[in-house]
1. Out of (1) modelled with pLDDT of 90 or more; (2) buried (at least 17 other Cβ atoms within 10 Å of the Cβ), what's the single condition that is false for Ser273?
2. Please verify whether Ile329 is out of contact with any helix residue (DSSP H, G or I) (no Cβ under 9 Å at 6 or more places or on another chain), under 25 Å from Ala66 (Cα atoms) and of a type in the set (A, V, I, L, M, F, W, C), treating the condition exactly as stated.
3. Go through region 229-267 residue by residue and tally those that are of a type in the set (Gly, Ala, Ser) and touching a helix residue (DSSP H, G or I) at 6+ places or on another chain (Cβ under 8 Å).
4. Of all the residues that make up region 312-341, how many are modelled with pLDDT of 90 or more, within 20 Å of Asp301 (Cβ to Cβ) and in a loop (DSSP other than H, G, I, E, B)?
5. So, of the residues in region 332-358 that are open to solvent by less than 30 Å² (accessible area, probe 1.4 Å) and over 26 Å from the mean Cα position of the chain (by Cα), which turns out to be farthest from Asn253 (Cα to Cα)?
6. Go through (1) open to solvent by less than 70 Å² (accessible area, probe 1.4 Å); (2) within 16 Å of ligand 2 (Cβ to nearest atom); (3) at pLDDT 50 or above and name the single condition Gly240 misses.
7. When you scan region 223-289 for helices (runs of 4 or more DSSP H) that lie fully inside it, which ones turn up with 1 or more residues that are acidic (Asp, Glu) and more than 19 Å from the chain's Cα centre (by Cα)?
Amino acid sequence: MSSTTSNAIADPSIQSMGKKRQYASQAAKLAVGTVTTIADGLNVPFLGAATHTLNQIIVLADTVKANREACMQLATQATDLVQALVKATEGKSAVNVDDDLKRDLGDLGRTLESIRDCMVALSSRSRWKRILSSSDDGAKLTEFRNRLTSAVTLFQIRDQISGRISQEAASQELLQNVKDIQAHQLNALPAEISSERSELLYAPPAYPECFYGRDEFVSSAVDLILNNAQAKLAILGPGGIGKTTVASAIFNNPQIQDMFPDYRIFVSCESLSTAESLLETLCKAFNLSVQNGSLYTTLKDFIQSTSTVLVVLDNFETLWDTNNVSNEIESLLKNLCSLKSLSTIVTMRGSIPPIGIHWTKPALPPLSVLSIDAAKLSHYWHIWHNVDLLQKNFISAG
Ligand SMILES: Nc1ncnc2c1ncn2[C@@H]1O[C@H](COP(=O)(O)OP(=O)(O)OP(=O)(O)O)[C@@H](O)[C@H]1O
Ligand SMILES: [Mg+2]
């Protein structure tokens with residue numbers, strides 16, 4: 001059993017993705033746009049086609065619903081790798097590529113095409129099929145990540161790179177780039193990654209970088225938690241209204257951090273489909289090892305042995321909709337909510353919270369659209385950062 005706080009399992013590189021998906025995706029598109037321009041002028045077979053495929057992957061990663069975070073990370077990983085390869089050959093009129101390297105580049109190209117095809121399939125799935133296939137899809141995405149990691153390792157071998165690319169400067173730059181990528185991947189990826197149990201599911205989010213117009217809502221929620229030993233809050237509203245963002249703001253509020261210094265976890269339920277997968281994710285998030293007892297007993301014993309625990313179950317509607325038939329998830333939520341010392345926040349699409357729970361009163365109102373002023377501020381924030389990115393890309397391309 002761990003005594004670490006949930007923040008100890010947070011990975012900054014993962015945190016910086018997720019909640020800024022759209023922004024990250026837009027940034028990646030800009031970056032790939034630059035890369036494509038450079039690649040078009042190169043005498044390197046594959047790179048033009050690879051950046052084209054990569055562009056499709058980035059667009060698709062933004063449209064998939066299940067395993068979305070894993071798809072975004074895969075797209076980012078592929079972008080890093082292709083960019084490193086392109087940058088290494090930037091400005092060279094002709095690059096001598098030997099047969100072995102051509103074969104490796106070809107393999108990488110085919111991997112990118114498989115990733116694109118997989119994402120096409122993921123983005124066109126119906127909601128039910130998506131849920132049922134979530135764990136198979138997760139395994140596939142993990143395999144792709146491993147394949148990209150292997151490609152990085154391959155390209156990293158100094159002797160091979162020096163021998164294969166004629167320009168020494170280019171090979172040094174490529175070497176440095178792939179080293180950086182690998183260091184990033186080693187930090188970002190836990191030793192064992194298994195689809196639904198990925199760290200992505202329970203990495204606590206950072207305080208939202210762009211956040212306007214919800215101060216009153218957040219302070220009401222914080223007050224309810226501070227004044228109720230076993231607060232149970234439901235953050236409701238239509239898709240995309242800002243439920244996850246608000247929950248992140250509450251989770252990172254300094255008073256909440258003080259109240260839950262050790263055990264405070266934020267779990268995305270988006271890719272979970274069963275009560276068991278939720279239990280597994282919670283145990284993993286608390287770093288509990290399940291020896292002989294059941295998952296629930298282990299989790300319950302742990303929560304009961306602590307004084308204050310906060311659990312945020314984000315996008316809970318995925319689990320709730322799936323389990324209309326069996327009542328497992330309903331019972332699990334009820335049992336968890338009855339545990340002394342556990343405070344719970346559920347974010348969920350719609351206007352009706354899960355039944356059977358004594359939600360803390362007064363209930364939070366469903367989130368409504370931001371005021372015009374707040375929406376404008378949020379809009380300008382995105383423009384400001386995109387302009388900044390464009391400038392950066394312009395400079396690096398020039
Ligand atoms: N108060 C806010 N200020 C600025 N931007 C916001 C705010 N709330 C949400 N956003 C932005 O709106 C987008 C959608 O927000 P979020 O993911 O929190 O919505 P959601 O209700 O959780 O969506 P879903 O129902 O799909 O889970 C994000 O890009 C987020 O950064
Ligand atoms: Mg959400």
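1. Condition not satisfied by Ser273: (1).
2. When the stated conditions are applied, Ile329 does not pass them.
3. Qualifying residue count, region 229-267: 4.
4. Looking only at that region, the number is 3.
5. Here the answer is Ile357.
6. The single condition Gly240 does not satisfy is (1).
7. By residue number, 254-259, 275-285.
For every residue, the table says whether it meets (1) open to solvent by less than 50 Å² (accessible area, probe 1.4 Å); (2) within 30 Å of Trp320 (Cβ to Cβ); (3) modelled with pLDDT of 75 or more.
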{"residue": "Leu60", "(1), (2), (3)": "yes, yes, yes"}
{"residue": "Leu74", "(1), (2), (3)": "yes, yes, yes"}
{"residue": "Asp99", "(1), (2), (3)": "no, no, no"}
{"residue": "Arg110", "(1), (2), (3)": "no, no, yes"}
{"residue": "Arg147", "(1), (2), (3)": "no, no, yes"}
{"residue": "Arg164", "(1), (2), (3)": "yes, no, no"}
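The values are calculated or read from the model by the stated rules, or taken from the named source; none is laboratory data. As the structure is a prediction and not an experimental result, all values here were calculated from the model. Using ideal geometry, Cβ is built from the backbone for each residue, glycine included, and neighbour counts are taken over all protein chains shown. Surface accessibility is based on the protein's heavy atoms, side chains included, excluding ligands, DNA and RNA. Shrake-Rupley method; radii C 1.70, N 1.55, O 1.52, S 1.80 Å.
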